[in-house]
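Report on the following structure.
The values are calculated or read from the model by the stated rules, or taken from the named source; none is laboratory data. The structure displayed is predicted, hence computed values, not measured ones. Don't worry about glycine lacking a Cβ; one is built from the backbone with ideal geometry, like all the others, and counts go over all protein chains shown.
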Amino acid sequence: MDPVFAKGTMGGGVAILPSGDTVYAPAVATIVAAQPTGHAFGMVLDGGIELLIHVGIDTVQLKGEGFDVKVKAGQKVEPGTPLVTFDRAVIEAAGYPLITPVVVMNTKKFASVEQIAEGETEVGAPIIAVEAKPKA
């Protein structure tokens with residue numbers, strides 16, 4: 001795995017190995033970055049969590065081939081809104097892992113960011129728990 005993600009340099013989160021071909025919004029959020037290449041999305045959830053979803057490792061090298069972006073920056077999304085569909089065969093043929101990091105970029109603003117699910121999960125199932133810091 002990419003060392004920047006593996007070491008938690010960017011923040012706490014999880015790595016997902018997608019079983020399908022679509023990435024969905026995990027919560028009510030505003031898209032702040034939707035890369036035209038389709039490989040990465042930044043969003044701010046209504047609770048202030050800054051989330052990065054990075055489809056695959058090094059997939060920026062594909063320059064958008066195999067990705068169909070469904071959202072744009074500034075767009076408000078609901079849970080389950082498709083962000084991007086991707087062609088698994090294109091990514092795999094290029095030799096890039098489909099492992100998809102989901103990172104809370106502003107981890108330091110919270111008391112904890114914990115993985116709460118393992119193995120296969122359904123779309124919409126919680127996979128990360130974020131706990132607010134106690135009020136000072």
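Report the residue count in region 85-123 for those that are part of a helix (DSSP H, G or I) and on the phi > 0 side of the Ramachandran plot. The qualifying residues number 0. Does residue 130 qualify as being more than 13 Å from residue 14 (Cα to Cα), part of a strand (DSSP E or B) and out of contact with any helix residue (DSSP H, G or I) (no Cβ under 6 Å at 6 or more places or on another chain)? Against the criterion (more than 13 Å from residue 14 (Cα to Cα), part of a strand (DSSP E or B) and out of contact with any helix residue (DSSP H, G or I) (no Cβ under 6 Å at 6 or more places or on another chain)), residue 130 does not qualify. The single condition among (1) closer than 13 Å to residue 128 by Cβ; (2) of a type outside the set (Gly, Ala, Ser); (3) not in a loop (DSSP other than H, G, I, E, B) that residue 26 does not meet is (3).
Matching residues to (1) of a type in the set (Ser, Thr, Tyr); (2) within 17 Å of residue 28 (Cα to Cα); (3) touching a residue at least 40 places away in the same chain (Cβ under 8 Å):
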| site | (1), (2), (3) |
| --- | --- |
| 78 | no, yes, yes |
| 84 | no, yes, yes |
| 100 | yes, no, yes |
| 109 | no, no, yes |
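A single member of 76, 72, 63 is closer than 24 Å to residue 125 by Cβ, among the basic types (Lys, Arg) and modelled with pLDDT of 95 or more, and it is 76. Within region 64-97, restricting attention to residues that are aromatic (Phe, Trp, Tyr) and either over 20 Å from residue 17 (Cα atoms) or within 16 Å of the chain's Cα centre (by Cα) (or both), the residue that is surrounded by the fewest Cβ atoms within 10 Å (Cβ to Cβ) is 67.
Here residue 61 meets each of (1) at negative phi; (2) assigned to a loop (DSSP other than H, G, I, E, B); (3) surrounded by fewer than 16 Cβ atoms within 10 Å (Cβ to Cβ) with one exception, condition (2).
Name the single residue that is nearest to residue 104 (Cα to Cα) among those in region 36-48 being outside any strand (DSSP E or B) and within 12 Å of the chain's Cα centre (by Cα).
Per the stated criteria, the residue is 39.
Assess whether residue 12 counts as being modelled with pLDDT under 95 and surrounded by 14 or more Cβ atoms within 10 Å (Cβ to Cβ). Can you show your working first?
Details: modelled with pLDDT under 95: yes; surrounded by 14 or more Cβ atoms within 10 Å (Cβ to Cβ): yes.
Answer is yes for this residue.
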